């Protein structure tokens, strides 16, 4: 199947464009064709069997951006009319008998249909008339008819014959295995890409800022209800997909790019069309791209940066963060020159990619395993080690307990003994929720573990993971539980202490104030805030308030961004929280099982935001 058809004038005005694969039209591919045509005229000799159309193979060129999806080699078949000079170009992946034949038929159909509508005649009359400045004056109706007829004829007479799927051949029964397992994720992302998020009012009520019906967010599968001690762990998750071990035996969580890039791209080839999606207008692209070595001024960037800013905002990047990013692009580019065959738009886009990468790149070490091993390897006078303490904080409902349990599962895979502490003494059911997680984790580490049973210390769990609880109460009880849990972990030789905390509204000083005394008393090694990808622009204030809540001498250490599998390309929350605080993202949550935790791939996040 060919990739796209372009019809344009010698002046660089696109008259018609069509991508039969449903992708964005790529100016870069046509630019590469023009460049090859100009710089390598000897290659024009290859013609089709009928001698009517010319075939031009465009190879990868160092002058083209290596990040461009169409910087790869491709084949093109073209035809040029004389009065006026108009190019008809069809591009496809490689030169084969089948693709050459399809391109020839398609190009023949396009030229005949174009001539039958006398579009060239109208354009030439405009060129000859002094009264007409716009050569497209009166031509749009003809091009609209061409578009309608061409697509219908192509689908009917060429595409349907040349590329009939096996399961659609008459008389052949379709196999149920041909169902695409990605369709559910694609529909999910298409639905959620419509925008929206969450925010919290001072009255504590959470508001959904999306206009979607909440029912479309339910993608759960039906399952049998199991209660009590008969409850079992869902074995569906793939531990191998969770991560892998190094030569030293350390278990490392995989990055997110392999998982979500495929879920957000319906094309099996997964080609990243970064630069081609940015170019808004398809008119006069030759003039724009043939003006390399241009000195960039602030006026050149104004319209480009406005488009970039709006694009970021549509991806849930907060306006203040988007403004900061485009200002960085302006500082980076004003007074510099564009490269050969590169427009101001593409140059600005590359600069924005660099700015996003700089923001998301951690400025501190994120090697937690090394830090944990370093602390737990030191013994005191009694021959015991000090446990490494984590505290998990965040707004109500973002998934603190769930992500704490995912973090616990990863630490268990690294052979650490984990003590989970129920410091959320406010929310009804918080302790019971953690008890269920501990039972699940204990059973995953030891299949012989009996759910609901007590270990040799009389607590929920087993020798690998245990729950430390002391019921419900006020903020004074929280600090007391934390200090007791750390002493207990030291005495019982635990490696890790994971402290869950109550969710609290970031805009309520009364609820936020106890965090400072909690941090001073418990002195956790790492304070991790769980942010929610759905929250959108309100994440800036959430991150700032939580980071400032611990006083001048203590800040947040890391973020975990939950529910990243529900927002598609709208990953602005990541940028917002890092921009507001400078705190790096440690992990991202991508589902409901204990293996649905990934380390952040900065390249994936930036490519998704720029797509």
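Where a number appears in this text, it was derived from the coordinates with a stated rule and is not lab data. Owing to the predicted nature of the structure, the values given are computational and were not obtained by experimental measurement. Every residue, glycine as well, gets a Cβ built from its backbone with ideal geometry; the counts of neighbours run over all protein chains shown.
Computing FRET efficiency as 1/(1 + (r/R0)^6) for residue 516 and residue 116, where r is the C-beta to C-beta distance and R0 is 56 Å, gives about 0.10.
Computed from label points 7 Å out along Cα-Cβ, the spacing between residue 82 and residue 144 is 3.4 nm.
Taking every alpha-carbon pair within segment 368-610, the share separated by more than 31 Å comes to 20 percent.
From least to most packed, judged by other beta carbons within 10 angstrom and beginning with the fewest, 253, 86 follow the order 253, 86. Restricting the calculation to alpha carbons of segment 520-611 gives Rg and Dmax of 13.4, 46 angstrom. Kindly state, to the nearest 0.05, the FRET efficiency for residue 248 paired with residue 477, given R0 = 45 Å and r defined as their beta-carbon distance. Efficiency for this residue pair is about 0.65. Averaged over residues, the count of other Cβ atoms within 10 Å places the peptides 433-441, 508-516, 383-391 in the sequence 433-441, 383-391, 508-516, highest first.
With labels modelled as points extended 7 Å from the Cα through the Cβ direction, what inter-label distance (nm, one decimal) is found for residue 155 paired with residue 544? Reported label-point gap for residue 155 and residue 544 is 5.1 nm.
Here the contact order of segment 476-591, divided by its residue count and restricted to Cα pairs under 8 Å and six or more residues apart, works out to 24 percent. When each of 490, 370 is scored by the number of other beta-carbon atoms lying within 10 Å, the sequence from fewest to most is 370, 490. Normalising the average separation of contacting C-alpha pairs (under 8 angstrom, six or more residues apart) by the number of residues puts the relative contact order of segment 368-610 at 23 percent. The residues 432, 27, 118, when put in order of fewest to most other Cβ atoms within 10 Å, stand as 432, 118, 27. Label separation (residue 396 vs residue 357): 4.2 nm, computed from points 7 Å beyond Cα along the C-beta direction. For residue 369 and residue 1, FRET efficiency with R0 = 51 Å and r from the beta-carbon atoms, rounded to 0.05? That pair, residue 1 with residue 369, gives E of 0.60.
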